[in-house]
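Readers should treat all values here as calculations from the given coordinates under stated rules, not as data from a laboratory. Please read all numbers here as calculations on a predicted model, not as lab measurements. Because the Cβ atoms are built from the backbone with ideal geometry, glycine has one as well, and the counts that use them run over all protein chains shown.
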Amino acid sequence: MSTLFISDVHVDSTRPEILGQLLTFLETNAMDAEDLYILGDLFETWIGDDDPDPEKHRVVHALHDLSHSGVRCHFMAGNRDFLAGDVFAERTGCRMLEDPSLVQLFDVPVLLLHGDSLCTDDHEYQRFRRMVRDPSWQQDFLSTTVDHRIAMASQARDASKTHGSQKPPEIMDVSKTAVNAMMREYGVYTMIHGHTHRPDIHHFNVDDHPATRIVLGDWYTQGSYLRWSPAGYSLEPLPR
Ligand code: MN
């Protein structure tokens, strides 16, 4: 009995080795689990459910096969694939999760997030996030042509690379104040998120509660997943 978590796979046609490793993971490790949680940035970009990229369609098919074999698949959007919508959910069989979402993992209440909402010291990014998460902005964007959206996504990617490399590393990490506030708000002292590409398990205290923050790893140089079972949890690297 186990629940698996992945995030930040960043599937992209320029990195076939990541796609190959993800497909293997979905056909092997994930098949033995009861639940698979995808906590954002599965795709490097997702310009809408009419995204024509054949690599992404292979992932959609693999998720369809996985969910139809009886593994419950859950999908939370990240800052790259927040335009995954109803058609994506229908085709993959994934249950779409709000960010944040509260779940019970073998009787432990756990808060799940992509992680970008916790990077509150990056004011410029938070402004961008508010804009693109606005339903009317999304509706306008999705009404433009596929070619236009592909061009815009690649522009946004270049801009975030340039700006990201100019920001001090602590700005790009989660804010401890935001983490503590989120735990207090939900009364939940275990959190799982990705986004920062800094896989780790942090133990600390919030008020008088022992608290745990598990950060999932990205898949740029190797695979990474969290396995949670009644016996405990561990972050597992997947060497490539
Ligand atoms: Mn992210």
- Message: Taking amide H atoms as placed 1.01 Å from N in the peptide plane, list the residues 5 or more away in sequence, or in a different chain, whose amide H sits under 5 Å from that of Leu105.
- Response: Val110
- Percent antiparallel among DSSP beta bridges (both partners in the chain, rounded to 5): 55
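Could you work out [θ]222 nm for the chain from helices alone, using -39500 (n - 2.57) per DSSP H run of at least four and dividing by all its residues? Round to the nearest 500 deg cm²/dmol.
After summing the helix terms and dividing by residue count, I get -11000 deg cm²/dmol.
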- Task: Compute the relative contact order of the chain as a whole-number percentage, counting only Cα pairs closer than 8 Å that sit 6 or more residues apart in sequence.
- Result: 23
- Taking a straight Cα-to-Cα line shorter than 27 Å from Lys176, and setting aside same-chain lysines fewer than 8 residues away, one finds Lys161, Lys167
- Counting other Cβ atoms within 10 Å of each Cβ, which trypsin sites (Lys or Arg not before Pro) in the range 9-96 have at most 10 and sit in a DSSP loop? none
- Message: Please report the antiparallel percentage of the DSSP beta bridges confined to the range 6-117, to the nearest 5.
- Response: 35
- List, in order, the whole-Hz ³J(HN,Hα) value for each residue of the range 75-92 obtained from phi through the Karplus relation with A = 6.51, B = -1.76, C = 1.60 and θ = phi - 60°; use x for Gly and Pro. 10, 10, 6, x, 7, 9, 10, 5, 8, 5, x, 4, 5, 4, 4, 4, 5, 8
- Under a 10 Å cutoff between Cα atoms, tell me which one of Gln21, Gln166, Gln138 has the largest fluctuation in the Gaussian network model of the chain. Gln166
- Cα gyration tensor shape for the chain, rounded if a/c is under 1.5, else prolate or oblate: oblate
